[in-house]
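Just below is one structure, and these are the notes that go with it.
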Amino acid sequence: MDAIKASDLIRLFETWQSLFAEQRDFLISLDGKVGDSDLGITMSKAFAAAAEVVAAEGEGAGISKLLRTAGATMARTAPSTMGTLTATGFLRASKATEGADVLGTGEAAAFWRAFRDGVAERGKAKLGDKTLLDVLDPIAVALETAAGSGEPLAKALAAASDAAERALEATKSMLAQHGKAAAFQEKTIGLQDAGATVGYFLVRSMAEFADS
């Protein structure tokens, strides 16, 4: 797939809906080790609602409006910390892709850069704090590098997914600085961050979708 069209984006949200339904219990378990165990519920609810609303909007709405509608729906449906951060990411991505008919490598880089920046600002996190941001940053950097080199979308997203996987593994050695996990301090060492896991799942699924 050279580019993701609006119709493809609707199908991608369906893919994300299925993914987070399948990973619901895993995310509940992962989050429960140092959090409040609601991450799997939050993500499955948020993406189920988003998939439904973008399908109702239809491909005629275009890329930016579909992302904006998804983000706004997530904010209402799952107003928890992670739900709000994810919603913010999609809302920022909507602004970054205004006027784009498709998501090629350059647009995907803009999408993930805006997603990253929105999460960083809303969550007031910095790299190394053991959060979703620690995976989002290497995703954005990998895609920007690929866009600068003229890489096709599927190859660029595969590289971003690989970077995200390495970054997720690296969160195991970090000490949590935000949310309920921060209260556990040393107990978070050795555990991959639950929020970062969501970021990895998102880009891995997007890469697999573009390669199908």
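Of the residues making up the stretch 115-135, those that are in a helix (DSSP H, G or I) and under 19 Å from residue 197 (Cα atoms) are 115, 116, 117, 118, 119, 120, 122, 123, 133, 134, 135.
Take the residues in the stretch 183-211 that are among the aliphatic types (A, V, I, L, M), touching a Lys or Arg at 6+ places or on another chain (Cβ under 9 Å) and open to solvent by 20 Å² or more (accessible area, probe 1.4 Å); name whichever of them is modelled with the lowest pLDDT. Going through the qualifying residues, I end up with 189. Among the residues of the stretch 139-162, those identified as of a type in the set (Val, Ile, Thr) and open to solvent by 20 Å² or more (accessible area, probe 1.4 Å) are 141, 145. Within the stretch 100-133, being of a type in the set (A, V, I, L, M, F, W, C) and either more than 20 Å from residue 211 (Cα to Cα) or surrounded by fewer than 24 Cβ atoms within 10 Å (Cβ to Cβ) (or both) holds for 100, 102, 110, 114, 115, 119, 120, 125, 127, 132, 133. Quick one: in the stretch 39-55, of everything that is touching a Ser or Thr at 6+ places or on another chain (Cβ under 9 Å) and among the small types (Gly, Ala, Ser), which residue is surrounded by the most Cβ atoms within 10 Å (Cβ to Cβ)? Looking at residues that are touching a Ser or Thr at 6+ places or on another chain (Cβ under 9 Å) and among the small types (Gly, Ala, Ser), I get 46. Is it the case that some residue within the stretch 47-67 is at pLDDT 95 or above, among the small types (Gly, Ala, Ser) and under 21 Å from residue 117 (Cβ atoms)? Taking every residue of the stretch 47-67 in turn, at least one turns out to be at pLDDT 95 or above, among the small types (Gly, Ala, Ser) and under 21 Å from residue 117 (Cβ atoms).
Among the residues making up the stretch 15-59, none is hydroxyl-bearing (Ser, Thr, Tyr), closer than 13 Å to residue 195 by Cβ and not in a helix (DSSP H, G or I). All conditions in (1) surrounded by fewer than 22 Cβ atoms within 10 Å (Cβ to Cβ); (2) closer than 23 Å to residue 72 by Cβ; (3) at pLDDT 95 or above hold for residue 136, with the sole exception of (1). Taken over the stretch 51-86, the criterion of being under 20 Å from residue 107 (Cβ atoms) and under 13 Å from the mean Cα position of the chain (by Cα) is satisfied by 67, 70, 71, 86.
Consider residue 97 carefully, then state whether it is crowded, with 20+ Cβ neighbours inside 10 Å and of a type outside the set (Lys, Arg). Write out each step before concluding.
Values: crowded, with 20+ Cβ neighbours inside 10 Å: yes; of a type outside the set (Lys, Arg): yes.
When the stated conditions are applied, residue 97 passes them.
Every condition in (1) in a loop (DSSP other than H, G, I, E, B); (2) modelled with pLDDT under 95 is met by residue 150 except one, and the failing one is (2).
Determine if the stretch 3-12 includes at least one residue that is touching a strand residue (DSSP E or B) at 6+ places or on another chain (Cβ under 8 Å) and of a type in the set (Lys, Arg). Among the residues of the stretch 3-12, at least one is touching a strand residue (DSSP E or B) at 6+ places or on another chain (Cβ under 8 Å) and of a type in the set (Lys, Arg), which makes the answer yes.
The values are calculated or read from the model by the stated rules, or taken from the named source; none is laboratory data. Predicted, not measured: the structure shown is a model, and the values here were computed from it. Cβ sites come from the backbone with ideal geometry, for glycine too, and all protein chains shown count toward neighbours. Keep in mind that these areas ignore ligands, DNA and RNA; they rest on the heavy atoms of the full protein, side chains included. Shrake-Rupley method; radii C 1.70, N 1.55, O 1.52, S 1.80 Å.
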